[in-house]
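What follows is one structure encoded as structure tokens, with my remarks underneath.
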Amino acid sequence: MKFEASVIIPVFNEEQRIKPFLNELRQESKKSWEVIFVDDGSKDGSADVIKSSGIPNLKIISYKKNRGKGYAVKKGVEASAGRCILFIDADGSIHPSEIKKMLLLLQKHDFVVGNRAARDSEVEQPLLRRFFGICFNAYSNFLFGLSIRDKLCGFKGFKSHVAKKLFKNLESNRWIFDIEVFFKAKKIGIEPFLMPIKWEHRDKSKMKPYDPLKIALDLVSLRLKMALK
């Protein structure tokens, strides 16, 4: 069966904060969408909460070991049957009402990304997280020859054939998969459309204190791998 859209939501231990997002998503969902939750090795009751959500055309992909957000989105893309494919974070930082806006833009564009740096975006974010974002984007732009001011926003959409191509043989399973997607898109001449969004910070970040250093090293490793392809 072909759907208008496949909405992918990667999930890892979100039982305590996912219910408001599920209620909002159920209200916004259309029968022409499929909604794919990818349970990325959760150890809590996330999957049970999702199953009882009442969201139409619901599909849950589960596996025991946590593999990372990039891997989860890739598995969702592989299982998708929509003409457009998008992913959105499960923490509620982006309201599901933004999905319909993105789908309208995907009628004209192959690749649409939520852009918190846009002038028309409404963003609530702690100063430390904002500073990390500025540093990360400048560093990754330098390494990969990109000019995107917000690469890590967890809201991106694609025409189906574009998503299948960009996520095929994805090298990055965790934080930096977005950078690989942007780089691969640039190599094949696909320019992302930057979509202003409303975004609210959510607590309980899964980033550990040593992760920024690991990310910096992983970016160098990824750049070397991509140079050899």
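Couple of notes before you dig in:
- Per residue, the accessible area of the chain comes to 51 Å² when a 1.4 Å probe rolls over the protein heavy atoms.
- Per residue, the average separation of C-alpha pairs within less than 8 Å and at least 6 apart gives the range 1-148 a relative contact order of 28 percent.
- Approximate spin-label separation K186-L217, in nm, with each point projected 7 Å along Cα-to-Cβ: 2.5
- The charge dipole of the chain, taken about its Cα centre with unit charges on the Cβ atoms of Lys, Arg (+1), Asp and Glu (-1) only, comes to about 700 debye.
- Only beta bridges with both residues in the chain are counted; by DSSP, about 25 percent of them are antiparallel.
- 30 Å Cα-Cα threshold exceeded, pairs from K75/K229; K108/K187; K101/K165; K43/K108: K43/K108
- Cα lying deepest toward the dipole's positive end in the chain, options F136, V162, I88, charges on Cβ: V162
- Stokes-Einstein D in µm²/s, Kirkwood radius over Cα pairs - the chain at 20 °C with 1.002 mPa s viscosity: 120
- Two-site FRET efficiency, F142 against K108, from Cβ-Cβ distance with R₀ of 35 Å, rounded to 0.05: 0.70
- Nitroxide proxy distance, nm - points 7 Å out along Cα→Cβ at Q125 and K30: 2.9
- Helix-only mean residue ellipticity at 222 nm for the chain, each DSSP H run of n ≥ 4 adding -39500 (n - 2.57), per residue, nearest 500: -12000 deg cm²/dmol
- Once the chain from K164 to E15 is taken as fully extended at 0.36 nm per residue, the excess over their C-alpha distance is 50.7 nm.
- Between N23 and A47, the contour length at 0.36 nm per residue exceeds the alpha carbon distance by 7.1 nm.
- Gyration tensor verdict on the range 94-229 (Cα atoms; rounded if a/c is under 1.5, prolate if a/b is larger than b/c, oblate otherwise): oblate
The values are calculated or read from the model by the stated rules, or taken from the named source; none is laboratory data. For clarity, every value in this text was computed on a predicted model and none was experimentally measured. We place every Cβ from the backbone using ideal geometry, glycine too, and count neighbours over all the protein chains shown. What goes into the accessible areas is simple: the full protein's heavy atoms, side chains included, and nothing from ligands, DNA or RNA. Shrake-Rupley method; radii C 1.70, N 1.55, O 1.52, S 1.80 Å.
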